[in-house]
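Asks: Dropping the structure in here first, questions after.
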Amino acid sequence: TTLDEAAALVGVSAFRLAHLLREEQGMTFKQLQHKVRLQQAVRLLEHGGGLSIKEVAQRCGFEDALYFSRVFRKAIGHAPSEHRINQ
């Protein structure tokens, strides 16, 4: 989902939605999107059975597993594969 698509869903301009997110959540649309996607990824890594890292990335909206791994490591502090092992 893009900022424009999200704005259309809630009936405001993209500029207004970006402003509201920054004001209310203290983050950009992209930051909030990554936060939500990473929360879902953590759940899938902990309870998703035998899903590969690539499958987890795709189910959470990341097209590239390498990019997903970099974002995950930066936000969580370790690689997705390490997270699975530690659970």
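Asks: Of all the residues that make up segment 1-54, how many are polar (S, T, N, Q) and in a helix (DSSP H, G or I)?
Replies: 5
Asks: Considering only segment 65-87, state which residues are in a helix (DSSP H, G or I) and without any contact (Cβ under 8 Å) to a residue 24 or more places away in the chain.
Replies: Residues satisfying the conditions are Ala65, Leu66, Tyr67, Ser69, Arg70, Arg73, Lys74, Glu82, Ile85.
Asks: Do the conditions hold for Phe72, that is, is it in contact with a His (Cβ under 8 Å, 6 or more places away or on another chain) and either open to solvent by 50 Å² or more (accessible area, probe 1.4 Å) or modelled with pLDDT of 95 or more (or both)?
Replies: When the stated conditions are applied, Phe72 passes them.
Asks: Give the residues of segment 38-58 that are more than 10 Å from the chain's Cα centre (by Cα) and not aliphatic (A, V, I, L, M), sorted by residue number.
Replies: Correct list: Arg43, Glu46, His47, Gly48, Gly49, Gly50, Ser52, Lys54, Glu55, Gln58.
Asks: Among the numbered conditions (1) in a loop (DSSP other than H, G, I, E, B); (2) touching a residue at least 40 places away in the same chain (Cβ under 8 Å), tell me where Phe62 comes up short.
Replies: Single failed check for Phe62: (2).
Asks: Consider segment 14-66. How many of its residues are open to solvent by 90 Å² or more (accessible area, probe 1.4 Å), out of contact with any Phe, Trp or Tyr (no Cβ under 9 Å at 6 or more places or on another chain) and closer than 17 Å to His78 by Cα?
Replies: Going through segment 14-66 one residue at a time, the tally reaches 3.
Asks: So is Ala75 among the aliphatic types (A, V, I, L, M) and in contact with a helix residue (DSSP H, G or I) (Cβ under 6 Å, 6 or more places away or on another chain) or not?
Replies: Here the answer is yes, as Ala75 does meet what is asked.
Asks: Looking at (1) within 20 Å of Ile76 (Cα to Cα); (2) open to solvent by less than 50 Å² (accessible area, probe 1.4 Å); (3) touching a residue at least 12 places away in the same chain (Cβ under 8 Å); (4) not acidic (Asp, Glu), find the lone condition where Ala6 falls short.
Replies: (1)
The values are calculated or read from the model by the stated rules, or taken from the named source; none is laboratory data. Being a predicted model, the structure only gives us computed values, none of them experimental. Note that we place each Cβ from the backbone using ideal geometry, even for glycine, and neighbour counts take in every protein chain shown. The area values use the complete protein model at the heavy-atom level, side chains included, leaving out ligands, DNA and RNA. Shrake-Rupley method; radii C 1.70, N 1.55, O 1.52, S 1.80 Å.
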